[in-house]
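The values are calculated or read from the model by the stated rules, or taken from the named source; none is laboratory data. What you are looking at is a predicted structure, and each value in this text was computed from that prediction instead of being measured. When we count neighbours, we look across all protein chains shown, and the Cβ atoms used for this are built from the backbone with ideal geometry, even at glycine. All accessible areas refer to the heavy atoms of the entire protein, side chains included, with ligands and DNA or RNA removed. Shrake-Rupley method; radii C 1.70, N 1.55, O 1.52, S 1.80 Å.
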Amino acid sequence: MSVRHLFGDTELAALRLLAQGRTEVEIARVLGVRPETAGRLLYRARILLQARTLPHAVARGYETGLLPSNDGLKQLSG
């Protein structure tokens, strides 16, 4: 069963930015929210993915197909 329907657009965007190596402060700046809000978005994403840590949430995002497999490579190539 897909977990995509459990995620809001902003939570998914925060997780994608995290997967690209962005910090909470950078994620907040990109999304136009406070760093505390970015932290809450990432916390909710971690809980929805049943992950122990944020890196584990990123891994679970790839495992579940929530994150496209090339997201992590975009930062390395450019």
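Observations on the model:
- Mean Cβ neighbour count within 10 Å, used as a protection proxy, ranking 9-19, 47-57 highest first: 9-19, 47-57
- Value of relative contact order over the chain, rounded to a whole percent, pairs C-alpha under 8 Å and six or more apart: 33
- In order along region 9-18, phi translates into HN-Hα couplings of 4, 6, 5, 5, 4, 5, 5, 5, 5, 4 Hz, rounded to whole numbers, per the Karplus curve 6.51 cos²θ - 1.76 cosθ + 1.60 with θ = phi - 60° and x for Gly and Pro.
- By a 1.4 Å probe calculation restricted to protein chains, V30 has an accessible surface near 80 Å², given to the nearest 10.
- In the context of the full set of protein chains, the chain has a per residue accessible area of 63 Å² (1.4 Å probe).
- Each label point was placed 7 Å from the Cα along the Cα-to-Cβ direction; for T37 and E63 their separation is 3.1 nm.
- Prolate/oblate/rounded call for region 1-56, Cα gyration tensor, a/c under 1.5 rounded: prolate
- Note on the chain: helix-only mean residue ellipticity at 222 nm, from DSSP H runs of 4+ residues weighted -39500 (n - 2.57) and normalised by residue number, equals -19500 deg cm²/dmol.
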